[in-house]
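The values are calculated or read from the model by the stated rules, or taken from the named source; none is laboratory data. These figures come from a predicted structure and were not determined experimentally. For neighbour counting, all protein chains shown are included, and Cβ atoms are generated from backbone atoms with ideal geometry for every residue, glycine included.
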Amino acid sequence: MKVYRDYAFSREDFRRPVLTIGSYDGLHRGHQEIIRRVIERARERDGEALMLTFEPHPAKVLRPEQPLPLITPYRKKVALLEEMGMDGVIILPFDEGLSRMSAEEFIREIIHGKIGPELIIVGYNFTFGHNREGTPSTLREWGKRLGFEVEVVSPLKEGPEVVSSTRIRELIAEGRVKEANSLLGREFLIIGQVVRGKGRGRGMGFPTANIEPEQELLPARGVYAALVSWGEGTCYGVVNIGMRPTFGEEDLTVEVYVLNYRGDLYGKELRLGLVDRLRGEKAFSSAEELSRQIALDKERAEQILNRYRHER
């Protein structure tokens, strides 16, 4: 898959492009339906399946006073798009200049002027241009003038609920990762490098790897069952996100006890696919009491993960 950054691309780079546009944070099941259709339409016309997205997320520029933690780091988003079968992704720097572009300017100068799609496919709630003035109807009007088609994909629902990045962020922040995963269509991932810790887990017989997380969004403090991978297959893990209240610490940490593994993970990049929450954060009266609880967490995590891998 080709990755185009900034404005280093032109119409000549693309063959009969089928384009989708948006932030696509999380690449959840609703997004996946749009991407599936983009790829399908591109294959039908022997064209290329392209996504135009933005970095940073537009909300970080337009509403800097309202922090928006991303579900999926950009590096992971690009990797997922390649796995899904996209041919290319264009990442434009979202800044004040781009935010002031009118919908007409955005279509004429970027969409038509630099990409030249035959077909644009967007979600039902897609907006663009200054003050979000552009809508799918705007695209259709300009498509008639400039010679591109437009398809609009209806919302995907799970029960009465629309699958959305906003809802997924809420669920993850509350620690409800099992429900978030259902909307994502995969496990919520924490990606990070293993850094040196204080070795307390090893002293209790449960050696843990301390993670420096890459992403901004972390679940509520607590203990989670997870699938752990780092290029050597997948292991089961118990992930703790919290302040280590038993030891009176105040810094938020992410650490994982990888079940039935005794190798050295220092310096490796781990992928923690959170499957379910085991319990909330708790302060224990002693290291011995904590050790007993970790043994129970391990047993329950194995049960949950065995069932999960069997059912999926």
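Residue-wise test of (1) outside the structural domain of LEU70 (by TED's automatic domain parsing); (2) outside any strand (DSSP E or B); (3) among the polar types (S, T, N, Q).
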{"residue": "GLU109", "(1), (2), (3)": "no, yes, no"}
{"residue": "ILE120", "(1), (2), (3)": "no, no, no"}
{"residue": "LEU139", "(1), (2), (3)": "no, yes, no"}
{"residue": "ILE172", "(1), (2), (3)": "yes, yes, no"}
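Only residues that are over 16 Å from the mean Cα position of the chain (by Cα) and under 13 Å from GLU33 (Cβ atoms) were counted across region 155-171, and they come to 5. Selection of region 122-137 for residues being farther than 24 Å from GLY97 by Cα and either in a loop (DSSP other than H, G, I, E, B) or not assigned by TED's automatic domain parsing to the domain that holds LEU52 (or both) yields only TYR124.
Name every residue in region 172-184 that is surrounded by fewer than 20 Cβ atoms within 10 Å (Cβ to Cβ) and either more than 17 Å from GLN32 (Cβ to Cβ) or under 13 Å from the mean Cα position of the chain (by Cα) (or both), in order of residue number. Across region 172-184, the qualifying residues are ALA173, GLU174, ARG176, LYS178, GLU179.
Tell me which residues, restricted to region 94-108, are in contact with a strand residue (DSSP E or B) (Cβ under 7 Å, 6 or more places away or on another chain) and closer than 20 Å to PHE14 by Cα. Talk me through it step by step, then tell me what you get.
Step one: of region 94-108, the residues in contact with a strand residue (DSSP E or B) (Cβ under 7 Å, 6 or more places away or on another chain) are 94, 98, 103, 106.
Scanning region 94-108 gives a single hit, PHE106.
Tell me, which strands (runs of 3 or more DSSP E) lie completely within region 1-85 with 1 or more residues that are under 23 Å from LEU98 (Cα atoms), free of Cβ contacts under 8 Å to residues at least 60 places away in the same chain and aliphatic (A, V, I, L, M)? So the answer is 49-55. Of the residues making up region 266-291, those that are surrounded by 15 or more Cβ atoms within 10 Å (Cβ to Cβ) and more than 24 Å from the chain's Cα centre (by Cα) are GLU281, PHE284, LEU290, SER291.
For LEU189, state whether it is under 15 Å from GLY273 (Cα atoms) and at pLDDT 95 or above. Against the criterion (under 15 Å from GLY273 (Cα atoms) and at pLDDT 95 or above), LEU189 qualifies.
For first residues located in region 217-232 and assigned by TED's automatic domain parsing to the domain that holds GLU255, partners that are assigned to a loop (DSSP other than H, G, I, E, B) and acidic (Asp, Glu) and lie 6+ apart or on another chain with Cβ distances below 7 Å form the pairs ALA220/GLU174; ARG221/GLU281; GLY222/GLU281; LEU227/GLU187.
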